[in-house]
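The values are calculated or read from the model by the stated rules, or taken from the named source; none is laboratory data. Everything numeric in this text was worked out from a predicted model, so none of it was measured. As a convention, Cβ positions derive from the backbone with ideal geometry for all residues, glycine included, and neighbour counts pool all protein chains shown.
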Amino acid sequence: MARPERNNVDYFPFICEDGNKMFYIEETYGNDGFATFVKLLRELAKTNYHYLDLSKPTTQMFLSAKCKVNKETLLSIIKDLVDLGKFDKMLWEENSIVWCQDFIDSIQDAYIKRKNKCITYDSLLLLLISLGVRKPSKSKLNSIDKPQSIVKETKEDETKEDNIHTSFAHLKITFDEYNKLLILGYTENEIKFIFEKIENYKRNTNYKSLYLTAKNWLKEEKEKSSAKKENEPVVAGRQTLSTIQQNADWSMIENPYVKK
């Protein structure tokens with residue numbers, strides 16, 4: 001029986017040397033500041049997809065109780081960490097969400113042996129949109145989420161057109177369906193790579209749903225990748241050529257979210 005996918009971790013690395021940010025928090029709030037920061041990281045580790053939604057007053061109350069500080073002190077510490085660049089400014093100011101990119105970077109090793117990958121910032125934004133926490137920006141979705149190489153404009157009415165993420169030939173996928181692929185743990189580059197493979201497949205006329213086809217192809221691609229890793233000979237001190245090529249397949253694909 002396959003293990004269920006996990007989107008949280010049981011541990012995270014903690015650097016012993018104090019940085020300027022931690023120094024300021026501890027000097028300003030004393031031990032309460034240090035303890036609150038560590039407990040916030042613990043909550044990020046335990047929570048699915050590693051973000052904290054503090055938009056509800058009750059959630060703030062429970063978290064402040066866990067941190068052993070009053071709600072005003074908790075929010076003040078978080079705001080200072082936002083101003084210091086430790087937590088994401090846009091998500092906190094617009095949605096009262098705590099997201100720490102440094103924390104995400106530090107726990108990547110925990111996801112190496114998992115089938116699903118750790119959530120990314122871009123995936124989180126789409127997840128929050130699908131949950132109704134954030135409202136999608138039409139200008140951003142049109143300019144970023146639709147790569148020109150695989151998207152053709154349709155002549156449908158504006159409502160339907162706005163909901164189409166990608167389309168080619170007779171196949172199309174909506175933003176909601178695309179978000180489901182991200183929630184399953186696939187990256188934007190992996191999905192784009194599969195879209196291009198489906199588009200170039202001569203028999204793609206046999207497919208009726210781009211979402212279901214991409215979902216199945218992504219699953220098969222991951223299984224093939226896992227099988228290759230299991231059969232790959234281990235060479236001390238260096239990687240084999242097939243490993244380098246395999247890793248390069250995804251890393252060399254352009255990320256549509258990165259602005260040039």
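Just for helices (runs of 4 or more DSSP H) wholly inside segment 150-260: which have at least 3 residues that are at pLDDT 85 or above?
175-183, 188-200, 210-231
Any residue in segment 211-234 that is over 27 Å from Phe168 (Cα atoms) and among the polar types (S, T, N, Q) sitting within a Cβ distance under 9 Å of a residue that is surrounded by 15 or more Cβ atoms within 10 Å (Cβ to Cβ) and at pLDDT 75 or above? List the pairs, counting only those 6 or more apart or interchain.
Ser226/Lys115
Looking at Leu40, Leu75, Leu44, Leu81, which one is farther than 26 Å from Cys118 by Cβ, of a type in the set (A, V, I, L, M), assigned to a helix (DSSP H, G or I) and in the same structural domain as Phe103 (by TED's automatic domain parsing)?
None of the others qualify; the one that does is Leu75.
Within 25 Å of Gly185 (Cβ to Cβ) and of a type outside the set (A, V, I, L, M), is that true of Asp83? Spell out the reasoning first.
Numbers: within 25 Å of Gly185 (Cβ to Cβ): no; of a type outside the set (A, V, I, L, M): yes.
The answer is no for Asp83.
What residue, among those in segment 44-76 that are touching a Leu at 6+ places or on another chain (Cβ under 8 Å) and touching a residue at least 40 places away in the same chain (Cβ under 8 Å), is farthest from Lys21 (Cα to Cα)?
Tyr49
Report, by residue number, each residue of segment 85-121 that is in contact with a strand residue (DSSP E or B) (Cβ under 9 Å, 6 or more places away or on another chain) and assigned to a loop (DSSP other than H, G, I, E, B).
Scanning segment 85-121 gives Phe87, Asp88, Ser96, Trp99.
Between a residue in segment 5-20 that is closer than 17 Å to Phe37 by Cα and any residue that is modelled with pLDDT of 85 or more, which pairs come within a Cβ distance under 7 Å, given they are 6 or more apart or on different chains?
Phe12/Leu41; Phe12/Ala45; Phe12/Phe103; Phe12/Ser106; Phe12/Ile107; Pro13/Ser106
Could you go through segment 31-46 and let me know if any residue there is of a type in the set (Gly, Ala, Ser) and either crowded, with 19+ Cβ neighbours inside 10 Å or touching a Cys at 6+ places or on another chain (Cβ under 8 Å) (or both).
Within segment 31-46, one or more residues are of a type in the set (Gly, Ala, Ser) and either crowded, with 19+ Cβ neighbours inside 10 Å or touching a Cys at 6+ places or on another chain (Cβ under 8 Å) (or both).
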